[in-house]
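The values are calculated or read from the model by the stated rules, or taken from the named source; none is laboratory data. Everything numeric in this text was worked out from a predicted model, so none of it was measured. Backbone-built Cβ (ideal geometry, glycine too); neighbour counts: all protein chains shown.
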Amino acid sequence: MNFREALILRAFAVWTVYVWVTRIGNVLGDHQHGHGFGFKAIHVTLAIISIAFAALCFWIVRNVRRRDKHAAEAHSD
């Protein structure tokens, strides 16, 4: 995985977390529209799943970049 690919995937992960944290803040703090418990529970669940996938994506990118770096160093010896 090259630097640009890693950067794009990391940006996706960070953006996903930003969007869901913002969305959940709005959903939980929105008392005007009277969203019930079910609506809030579903959106919090979706946020948790999406943030977990984003964290996993970030972790995979880190591990692949480390593996590629170590393979390149071993190959250059």
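Considering every residue within the range 59-67, establish whether at least one is within 25 Å of the chain's Cα centre (by Cα), part of a helix (DSSP H, G or I) and among the polar types (S, T, N, Q). First the steps, then the outcome.
Step one: filter the range 59-67 for residues within 25 Å of the chain's Cα centre (by Cα), giving 59-67.
Checking the rest, the ones that are also part of a helix (DSSP H, G or I) come to 59-67.
Now restrict to residues that are among the polar types (S, T, N, Q): 63.
Looking for residues that are within 25 Å of the chain's Cα centre (by Cα), part of a helix (DSSP H, G or I) and among the polar types (S, T, N, Q), one finds at least one in the range 59-67, hence yes.
Can you tell me which condition M1 does not meet? The list is (1) in a helix (DSSP H, G or I); (2) at pLDDT below 95; (3) surrounded by 11 or more Cβ atoms within 10 Å (Cβ to Cβ); (4) of a type outside the set (S, T, N, Q), and all the others hold.
M1 satisfies all of (1) in a helix (DSSP H, G or I); (2) at pLDDT below 95; (3) surrounded by 11 or more Cβ atoms within 10 Å (Cβ to Cβ); (4) of a type outside the set (S, T, N, Q) except (1).
Is it true that some residue in the range 11-20 is out of contact with any Lys or Arg (no Cβ under 6 Å at 6 or more places or on another chain), part of a helix (DSSP H, G or I), modelled with pLDDT under 95 and surrounded by 15 or more Cβ atoms within 10 Å (Cβ to Cβ)? Don't jump to the end; show me each part of the working.
Quick first cut of the range 11-20, residues out of contact with any Lys or Arg (no Cβ under 6 Å at 6 or more places or on another chain) only: 11-20.
In the following step, the residues that additionally are part of a helix (DSSP H, G or I) were identified as 11-20.
In the following step, the residues that additionally are modelled with pLDDT under 95 were identified as none.
Scanning the range 11-20, I find no residue that is out of contact with any Lys or Arg (no Cβ under 6 Å at 6 or more places or on another chain), part of a helix (DSSP H, G or I), modelled with pLDDT under 95 and surrounded by 15 or more Cβ atoms within 10 Å (Cβ to Cβ), so the answer is no.
Does the range 31-44 contain at least one residue that is in contact with a Ser or Thr (Cβ under 8 Å, 6 or more places away or on another chain), surrounded by 10 or more Cβ atoms within 10 Å (Cβ to Cβ) and either in a helix (DSSP H, G or I) or among the charged types (D, E, K, R) (or both)? Spell out how you get there, then give the answer.
Filtering the range 31-44 for residues in contact with a Ser or Thr (Cβ under 8 Å, 6 or more places away or on another chain) gives none.
No, the range 31-44 contains no residue that is in contact with a Ser or Thr (Cβ under 8 Å, 6 or more places away or on another chain), surrounded by 10 or more Cβ atoms within 10 Å (Cβ to Cβ) and either in a helix (DSSP H, G or I) or among the charged types (D, E, K, R) (or both).
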